[in-house]
Every structure is written in C-alpha cells, then in structure tokens.
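Handing you this structure, nothing more for now.
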C-alpha cells in the first residue's frame, strides 16, 4: 500500500472527524468539503477519473455551498443554546464504534476471500467515451430515471423551501 | 181485526213521498239556527220554531191527503224511498222513509198537537229568560219525533229515538239550577237508556238474521214475508221463536220509552220540566213513540199467530205485551189515587193510559191501540195544558190541596179541563169512551185469558175516581191558596179550546157503527152500518163501561167535591185506610225498591271491581316491576364484577404495555437511527457467528 | 494486506464516523452532513470493489457510484430544503425538538 | 525552424530534464511546467493591471498611470510592493483560520485550472481525458472560497457581498457549462487537446473554428457573458460594487491577502479567457492557414490578451446590473438560450453539409434571440416597491 493512499485516507478521515466533532457548524461544513476532497482523491487514485471529478463538481461545488447556505439561513452559525450534542452522545459513539467493529471484523475475516488480492492489475483506463457509451446503452433507463428524479428534487426543494406569500403578512 | 192487508206494490215514490224527508229536516234546521241566536232574540226564535213546525204540518196534511185519496180509490198506499247510507265490505246499511196510513196519521197528530203546544208555550214561558234555548230544544224534539214517525229503517228509527231521548233529558232538566230537575233529567235518561240497550240488541239480532233493517223494501224488508219466514224458523230458547224474541227485545225498548211497568219510574219525576214540555213529550208524543214502535213492528210480533176462525191468535210476545200493559194500567191508577201534586196525578194517569194502549195493541191489533193513542194524545195534552194554566194562574202553586174554587176565577180553563177529564174517564160519546171501548171489546174476546179484561175495567173505574178527586180539589170548594188566582191569557186558552173540541168529536171516527179509522189503517173500505151496534156483545160491553164510569164519578163526587178540606188535615181516604194510603202515596216504594236492588248492586259491583283492580291487577304490575328491578340488580352485579373486573382490566393491561412500546416512537429521528444501527450490528453479529463454522 | 481491504477499512471508518455524526449531533444539518459522509463511504466501497473486482471493464461499480452521487445530491437538496422550511415554522433546527411525529 | 520555434519551450524542458536521474524525470517535467505557469500568468496579471488602468483612463478621456517608470510601465511593480509592505489587518471578531484560508484556497483552485489548458502545441500540463470536467470542477470550488472570505470577516457588508457573489457565480456556472457542452457534443470528447485539434482544420485557408458556426457563435456569446459574470467583472461586478458594499467580500482584507484576491481575480479572468479561446477560437491554431508558421503559443496568448482587452472595454462602457436583473437575465435568458443552442448544435451535427443547415440553424437562433429578448426581457412595468425585511 503506497504512501499516497495513507496520506489521502488520513486527510479524508481527519476531515470527516472534524466535520463531526467541531463546535462551529460552518467549520464543520468546511471540514466536510475537505473530507469530500479526500474522497475524490481516493476515487482518482482508484482510477475512477470521471467519478472523482463528478464528486468534486457535485459535492464540493454544489452540496457544500448548499449546506453552508442552509446553515446561514437557519441561523446555525450562532452557537446553539442547549449544547451541541444530543442528549446521549456516548451511546451514539458506542453504537458507531460497534458498527465499525463489526464492519472491520467482517472485512478482515473475509480478506482472503476478497477478489483482486493477488492480481495487482493496472488501473483500467476508463475514458469518458466508454462511460458515454455505457450510459447510452446499458444504463439508459437509470439515466432517464435519475433525470426525472433530479427534476423532481429540484422543483420539490424549491417548493418546500419557498417562502409562502401569505405567510409574509 | 187484523186481516191480510193488501198494499199496492211499490210504485215509483210519488212527489210527496219524495219530499217526506222535509218534515223532520225543517224543524231540526230551525233548531240549529235558533241555537246560533243570542239569548235576547226571543221573537225570532219563536217565529222560527212555529214557522218550521207549521210548514211540517202543511206537508204532513198534503201527505195525509195523498194517502187518503189513494185509500179512497181502494188501493192502500205504501211508498218507500230507500238509499244506502254507508257501505263496508259486501254489506251495506240502508236508510229510508215510508209513507203509509199509519205514518200519515201519526205525522198529522204530532205536528198538529206540537204546533198547539208551541203556541201555548210562547205564553207560558214568556217570563223565562232562557226562552230561545227552550224553543231550540222544542224544535229539535219535534224534528226527532217526526224522524221516528217516518223512519222506514229500524236504524234510522233508533237514531231519532236516541235524539228524542236526548231532547227529553234537555227539556226535563231545562231548569238545571234546580237540583231535583237535574236529578229527574238524569233519571229519565238512564232508565230509557236501560230500555234502549235491549232495543239495540233486538236491532242487531234482526240485522244478523235478515241482513236488512228496512221495514218495507219491495219484498225484501224485514217486515215482509220472506224475512219473517226465516225468523220463524229460528228457535231462541224458552219456546220462543226468533221473531218472538226480537219482538220482546224491541218491546223492552218501547217499555222504557213509554214508561211501562218496570221502567215507569222516570215519568212522574219528569214533571220537574216546564208544563208545555210535560204536555208535548210526556203526554202526547214521546211516550206514544213506544206504542208507535210496537205498531210499526207489529207484523214481526204477530208473525206465526194461528188463526182461530175469525179471531186471530196471539203469539207469546203479544201476550207478554198485553199482560204488562194491563198490569201497568191498574198499578199506575192505584198510585194516581193517592197523589197530591196536580201534574203527578196526570203523569200516573198517562202511565195507566199507555198500559191501556199496550194492552189494546196486544189484544186488538194496530188499529185499536193507535185509535186510543190518537184520542189520548188530544185530551191528555189538553189536561196538561189546563193544569199548566191553573199553575200559571195560582202563581206556580202545584199542590192541589192549596187550590180550590177555581171554577169561578178561571171559567174557560174549568170548562175545557172538564171536557178533557170526561173524555179521559170514558164518558159516553166522548173520544175516550170509544177508544177504551174498542180495547175492552178486544179484551173481552181475547183468546188467551179474560184477566186483562177485568183489570182494564177496574182501571177505568179508578181513572174516573182519581180524576173527579182532582177536579173536586182544584175547581170546587173555596180557594185555599195564598195569592189571588187569575185567568190565563188568550194565547194559552185558545189551544185549550181547540183541543177540547177534538177531545169531544174525535170519537166519531172510531165508533163500531162507522169504524173509519180501523178501515183506513187496514186499507179496507169503510161503510156506515148502524146494525153494528146490535152485534151480540157490543151493547152489553158499552153498558158495563158506562156503568163503571158513573160509579167512579159518583164515588169521587161524593168524597171530594165541595168539601175543600184545609191542606193540613189528612185526605178522606187516608183517614179511612191510612196504611194502603201511605203505601200508595209513596208510589208503592218502587224507587226505594230500585235503590235497594239495582243501585245497591252497582255499589257492590263497584267495590268488587275496585278490589279486583287494586289487588289483582295492581299486584301483577308490582310483581313485574319487582322482577325488572331484580333483573337490573343482577345486571349491575354482572357488569361490575364480570365485565369491569375481567374485560376492562385486560384492556387496561394491553394499553399500559402499549404505552411502553410507544416510548420507542418518540418522534426523534436519532433514536430511530440508533435502533437501526443496533439492529444492523445485531444482524451482522448473528450472521457472522452462524457462519463461523 | 491487499489494497482492497485498505480501502474497505477506510470506507468503514468513514461510514462509522458519519454514523457517529448523525447519532450524536443535535443540529439537523450536521446530521445531514453525517448522512452525506455515510453515502460517500458507500460510494468509496463501490469504486474500490469495481477497481479490484474481477471485471473492471464492466463499469458497473463506477456507473453505480456516479448514479449514487447524482441521487445523493438530489437528496441533500431536498433534505436541506426541508430543514429550512422546518426552521421557518418551528424556528429551530434542534432535532430533539422535531418530535411532532411522536407515536 | 518554425517547428523548433513553436516547440521551443518543450525542447527547453526536455533539455533541462535530461540532466536529472531517470526516476526523477517525470516529476521534474511536471515541476518545470508548473513553475512556468506560475511565472507567466502572474506576469500577464501585472501587464493586465496596467493595461486595464491605462485603457480605462483612455476610455474616460484621461491618461492613466504614467508617473511610475517610463509611461507608467512600472506601476504594477509599485502596486505589488505596496501590497507586500502594507500592514495585514485581521478584525478581532473575524474567524482567524477561515479568514486566512479563504484567499489561499482561491488562488490554489484558480491555478489548478491551468493544468488542462493547452497553451500551445504539446504544451498542456496534463492531457486529461476529462480535461474540461476537471476545469469546471476547479471552477466550481472558487465559490466556496468567496463564501469563506465573506463569512469569516464577520462583517454584514462582506457577508452580503459574499452571498451575492456566490448566488451570481452559481447562476452563471450552469450556462457556462451548458454552452461548453455544445462544443463537447460536436467534438465528441471532453479533452481540450482533442477540441483544439478538431478546430485546427482549414478549408480554403479558413480555420474550422467553432465561432464561425451559427451555434458556435451563439455559444461563444453566451460563454462570454457567463465568463464575465463568473469572474465578477464589469456589468456583473455587483459583489464588490464600490458605491454600495465598499469592497464586497474582501472588505476586511488588507495587505497581502487583498493582493492575493486581486491576483486570484485576474488569473481567473485569464484562465476563463484561455478556455474560451480553446473552445471557440481554436486555441493555439492560427487564424489563417498561411499564418501557420507563427508559433502556436503566440496565437493562444494573443487571443487571451484580446479577450482581456474586451473585458476592459466592457468595464469602461457598460453600467452595473441590478441583482434581480442579473439573476433574471441568467435564468430566463442565458440558460434557456444555451439549451436551445444544444438542440441547434445537434441539428447542425445531423443535417449534413450544405447551405440548408446554415440557414436553418441561424434562422432558429436569431428568432429565438429576438423572441426571448423581446418577451423575456421586456421591461416589466413594476408595481409599488415591496420591501421585505430580514426576519
């Protein structure tokens, strides 16, 4: 396992931890973008170039901004009155730890059975052309459905968050 | 004698028959209008009543003329107009009216006498402030009486019969503020009611048997052969045929209305009403209704009588009628002897004379009874109106012991009163003599027994005696009253004169020599034949009756005329025979007898019913109530213990446990997430643990 | 240790951190952030398996990840829209306060 | 010879790398290329600043800076020294970390953009298959830095300016992408080199630049407007509108951080002009076949400087747009028009050669432009102004 992988995953995990543990919500959001960047780099390292750039474009470009806007709109940036954490933080952490333990244990146990252990094959070069063709041939139905979903989400989000007229007066 | 009457078959009812219904309708209408008038409208009430009755008189005369002309052409007239009143299911109830000699005669008698009494009462009631109400009831009575007369259906007859009963109650109790008048009215109504119940039973039985209540309906009426044949075939126990039994039931109704023996108690008390009422209702018309009813139903009563050569046999029903009539005659005459009230004497004499009529009907047939009825109507109305003018003259004094010597003060009244008294007693050649003679003749040759004949003769004697006693007390001797007597006004005396004339001349139409009346009623030609007098028994019979009358008059004259005893000391007879006198003056204690028996019985029966109701039914109801309360108690116990204890407790358990579960859904997203994660961990652990082998 | 397990472990760690964030934080938006992290961890897993899987040329893993990114973006948009509207009505983003759907 | 001149930089780097040991060479190539970019573009930045101030002055009938150095040529050096020596104030209430990070993040992201731009023939730092996507990914991150700057300085005006800037950049990022998608559709590849190669074809001496096609021209116009908005320049420079929001999101910055923002802005403009040139003006291809001898990178930089002049020219002439007009223009005119452009490009692609496709495409585009312009942008007769106060 080369040094870059450790570096990037360390960055991602640090970002994630910061996003979860920091007091100031805006800082969490920014830490989140760092985590997203880390994950994007992991994607690039795994050879999924398109996915990596899509991740950056979608998450860092849009979702992060969205989160930040949401924070500002709901006045989250001021420190909350009654504590940052919910009532039983420890139980939450314990449960998360338990889940990680189970997942880790499962991964380690099945390490031998995992594929690709032996063939350190070179990263498959995936060009955008292949992706385009795949999208248009095998995954055309999911593509249309996702298109519909996105439009619906777009309109839905606007309506949900719209400031009703009558409420103003 | 009763011969088969040949009546012309029912032709289309002539014009006058069609209009016959106007006779009762107009007076009734008049009474309706008078009822609406205000009390002070006295003149209009009088004119309306008299006018309506006058119109009825004219129509009645026209009808009588029509029947007379029919009869004179040798064909007796009987025209009926029938119509269906109500229809239920297949059967329908018919009503109708009939015009035949019997109803024609009665129509004329009732309207004529009624008119005279109406005119008389305008004078008599002049001082009474309820004048309009009086005339309303009078015209209503006249309408009802005329309805009874023309009725061709027993049902219509019964309806008018009840209406007559009602008006008699209203008129007797006219001075309702007098308790005695109110009680008398109630008594009259109830006793006639007892009679009417039997009468209704008879009607229903007849309707059940013959299916129709019409008397004459072109052959199918109840009085015609086909129905009578059916009735004779039936046997109704005690040896009576159905016809006989129905006849007796109808006779009970008639007895009630005409005051025969068992139900006569109300008639003397009815004198509480004003005198014109007594004259009209309790002398001339209403009481005659019972006799007229028996005459109308005569074919039914005499159905199945065997013929003994010329003499006609007598059925059980007619026998009973005769005996009751005879006994009532004697009984009433005896009581009349010991009475001191002027109107009460006349009342008992009316009861007696009605007994005569019933006996006449029973023995001699319709013509004999009816002739005496017509004659009696005239002179009894005269006597009552005469008494009325006497009372009016003596300033409403009714006790004869306080009158006397009115011969001088009221000459006209005295003359007319004397004529009426002589006619009543049966003084020769006056109306009463011929009619009584007819009855006695029938009695002498009656096939069943000669008892009634002797009783009637003794009755005639008594009648003559108490009438002379009364005249002696009232008109002879010196005036014992307090106030000065004065003659009545002309409007009262003129009717008296008219009636007196008829009381004298009426006898001529029924003498044995020229029996016009019997011929007219039976529809036979009447020829003048002096030889009739020389029939074997006629002269002897006339001789005995005149002898009896003279004996009675002489006895009375000897005892009472000119003595004018002062009111306090006892009557002459009383001194002679105190005990029987006391019995007779107390009306043979009939009222007390009834009081002891019937009233007592009712009282006892009331208590029994009360006991029954209180103990038996009450007991049952309370038992049921107790049961339901017991059930409710059980239910409450069940509900509390079983349902609450068991079922509800169970439900509570479930809901509390439900509460625990609902803690899980506390709406906080993170708790759900925690549960989710835990489940994931648990599932993974299980999977891994199970696959570790 | 083969590289795949490395990636899987990192993904699991990220997933656990996201879950911890979702469970412990009080502010709704931060819970959403946690969820976003969990989704990304899943994507990482997908791409890792695609990369070291038997048939990388089949592109399924990567396509799946791309579609997942698109859907996650939509989800984030709607989720934040909801949070904003809740805030406008209930003037709070405190998750504990949003228990109107209580059983 | 010409070829040598064209490839002078490439040969230079290969010569330098030759001295290094083998395992270091790939890294060395990259380092040298990065160094070259970091040197040339800030240099261009200095020139542009001067050019802008001189140009604006000339437009406004005044001379512009001529005191520092001959004809004011040393003015940028003076500005640079000034900003370096000025005291770097940080407001007490500001969020120190984020305040510091914002300009750094901005500059880093903007320079990342240059990795994929084909400056000359074989002169692209990284010839990525999804080069355009990478460029836009980096472009999208600039908004985050703007936000960090605005928010961290805890100043109402800066926050307001930041919000406006972010909203504007997001609104114009979508049309920017959509117009470039048309080009990708026609060339069939996301890599910028392929796009330039596709345009580097000459018929009768005229290059196949996309700008000379109806959809290309429309696309370029829309791309240009979106680009000016994306870089907050001239008609769309509402965020740092001096008269209202002092200096927009970098009010609280001074000294070197302010200079970094300034640098970031101008380098952003240069990179977006470079992209525009690559996509629509044929990148480093010569305008005429005959001029082929001129080295390729000269054409690239020439086109970039030409775009900068246009930017400056725009700044001198057009008044500032109001915020709602700006947003309306973006969502109700530019975006629909670019989408229509996509359809027209598709039609262009499948209608085969000939005069017909020229007529149809251009007709459709002109009609759409007139109709949407007239209907969409007609001045609405505004009712009474309704004020809505922040809750």
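Viscosity 0.890 mPa s, temperature 25 °C: Stokes-Einstein D of chain C from its Kirkwood Cα radius, in µm² per second?
161 µm²/s
At what distance in nm do the modelled label points of residue B:686 and residue A:136 sit from each other, each positioned 7 Å from its Cα along Cα→Cβ?
4.9 nm
Compute the separation of the alpha-carbon centres of the range B:55-88 and the range B:525-543 and state it in Å as a whole number.
Centre-to-centre distance over Cα atoms comes out at 32 Å.
OK, next. Per Stokes-Einstein, at 4 °C and 1.567 mPa s, what whole-number D in µm² s⁻¹ belongs to the range B:478-631, with the Kirkwood radius over Cα pairs as the hydrodynamic radius?
Value of D from the Cα-based Kirkwood radius: 53 µm²/s.
Using a Förster distance of 56 Å, how high is the FRET efficiency between residue B:602 and residue B:661, based on the Cβ-Cβ distance and rounded to 0.05?
For R0 = 56 Å, the calculated efficiency reads 0.10.
Now for a separate question. In Å and whole numbers, how far do the C-alpha atoms of the range A:1-82 stretch along each principal axis, longest first?
Projected onto its principal axes, the Cα set of the range A:1-82 covers 46, 22, 11 Å.
How big is the range B:575-617 by the Kirkwood estimate over distinct Cα pairs, in Å?
12.7 Å
Over chain B, one equal point on each Cα, no solvent: what is log10 I(q)/I(0) by the Debye formula at q = 0.05, 0.07 Å⁻¹?
-0.31, -0.51
Now for a different question. Averaged across the residues of D:139-151, what count of C-beta atoms belonging to other chains lies within 10 Å of each residue's C-beta?
Per residue, the number of nearby Cβ atoms from other chains is 4 on average.
For residue B:91 and residue B:634, FRET efficiency with R0 = 60 Å and r from the beta-carbon atoms, rounded to 0.05?
Here the calculated transfer efficiency is 0.60.
Which order do the peptides B:351-358, D:152-159, B:404-411, D:230-237 take when ranked by the mean count of other beta-carbon atoms within 10 Å per residue, highest first?
B:351-358, D:230-237, D:152-159, B:404-411
With r as the distance between the Cβ atoms of residue A:6 and residue D:97 and R0 = 25 Å, compute the FRET efficiency 1/(1 + (r/R0)^6) and round to 0.05.
Efficiency for this residue pair is about 0.50.
Over the range A:125-169, how many percent of alpha carbon pairs lie in each 5 Å bin up to the one with the longest distance?
In order of increasing distance, the bins hold 6, 18, 14, 15, 11, 10, 9, 6, 5, 4, 2, 1 percent.
Could you give the distance between the Cα centres of the range B:400-440 and the range D:311-379, to the whole Å?
The range B:400-440 and the range D:311-379 have Cα centres separated by 147 Å.
What distance in nm lies between label points placed 7 Å from Cα along the C-beta direction at residue B:653 and residue B:482?
10.4 nm
So for the range D:46-376, what are the equivalent ellipsoid semi-axes in whole Å, largest first, each being the square root of 5 times an eigenvalue of the Cα gyration tensor?
35, 23, 19
Which residues among the range D:316-353 fall inside the zone where the amide N is under 18 Å from a point 7 Å beyond the Cα of residue D:386, along Cα→Cβ?
Residues D:324-325, D:328 fall inside that zone.
Rounded to the nearest 500, what is chain B's calculated 222 nm mean residue ellipticity when only DSSP H runs of at least 4 contribute -39500 (n - 2.57) each, over all residues?
One gets -22000 deg cm²/dmol as the mean residue ellipticity at 222 nm.
Sorted from largest to smallest, which semi-axis lengths in Å does the alpha carbon gyration tensor of the range B:364-480 give for its equivalent ellipsoid, taking the root of 5 times each eigenvalue?
The equivalent ellipsoid of the range B:364-480 has semi-axes of 32, 14, 10 Å.
Quick one: the Cα spread of the protein assembly as shown along its three principal axes, in angstroms, biggest first?
So the three principal-axis extents are 200, 77, 64 Å.
Now for a separate question. As I understand it, the value is the acute angle between the Cα axis of helix B:286-296 and the longest principal axis of the Cα atoms of chain B; what does it come to in degrees, rounded to 10?
90 degrees
Place a point 7 Å from Cα of residue A:90 in the direction of its Cβ. Which residues in the range C:23-61 have their backbone N less than 19 Å from it?
C:23-26
Using a 10 Å cut-off on Cβ to Cβ distances, tally the other chain neighbours for every residue of A:5-11 and report the average as a whole number.
2
Oh, and also: Give me B:235, A:27, B:372 sorted ascending by neighbouring Cβ count inside 10 Å, so fewest comes first.
Listing B:235, A:27, B:372 from fewest to most nearby Cβ atoms yields B:235, A:27, B:372.
I've got another one for you. Relative contact order of chain D, please, whole-number percent, based on alpha carbon pairs below 8 angstrom and at least 6 residues apart.
Result for chain D is 21 percent.
Here is a follow-up. How many percent of DSSP beta bridges within chain B run antiparallel, rounded to 5?
The antiparallel proportion sits near 95 percent.
Counting only other chains, and only Cβ atoms inside 10 Å, what mean value do you get across the residues of C:40-47?
6
At a 10 angstrom cut-off on C-beta neighbours, averaged per residue, how do the peptides C:60-71, A:46-57 rank from highest to lowest?
Highest-to-lowest ranking by the protection proxy: A:46-57, C:60-71.
Between residue B:586 and residue B:14, how many nm apart are label points set 7 Å from Cα along the C-beta direction?
Distance between the two pseudo-spin positions: 5.9 nm.
Mind pulling up the Rg/Rh value for the range D:262-391? Radius of gyration and Kirkwood radius, both on Cα.
When Rh is taken as the Kirkwood radius, the ratio is 1.07.
For a protection proxy built on the mean count of beta-carbon atoms within 10 angstrom, sort B:377-386, B:608-617, D:303-312, B:29-38 highest first, please.
The peptides rank, most packed first, as B:377-386, D:303-312, B:29-38, B:608-617.
Turning to a different aspect of this structure: Distance between the C-alpha centers of the range C:37-103 and the range B:456-505? Whole Å please.
137 Å
Could I ask something else about it? Determine, at each q value in 0.10, 0.19, 0.21 (inverse angstroms), the log₁₀ of I(q)/I(0) that the Debye formula gives when each Cα of the range B:102-254 is one equal point scatterer.
For the requested q values the scattering log ratios are -0.47, -1.17, -1.30.
Let me ask something else. Quick check on the range D:173-218: take the gyration tensor over C-alpha atoms, sort the square-rooted eigenvalues as a ≥ b ≥ c, and tell me if it's rounded (a/c under 1.5), prolate or oblate.
In terms of gyration-tensor shape, oblate.
Once the piece of chain linking residue D:371 and residue D:77 is laid out straight, how much longer is it, given 0.36 nm per residue of separation minus the C-alpha distance between them?
Result: 100.9 nm gained on full extension.
Every read-out reported here was derived from the displayed coordinates using simple, explicitly stated rules and does not represent laboratory data. A quick note: this is a predicted structure, and the numbers were derived from the prediction, not measured. Neighbour counts run over all protein chains shown; Cβ positions are idealised from the backbone, glycine included.
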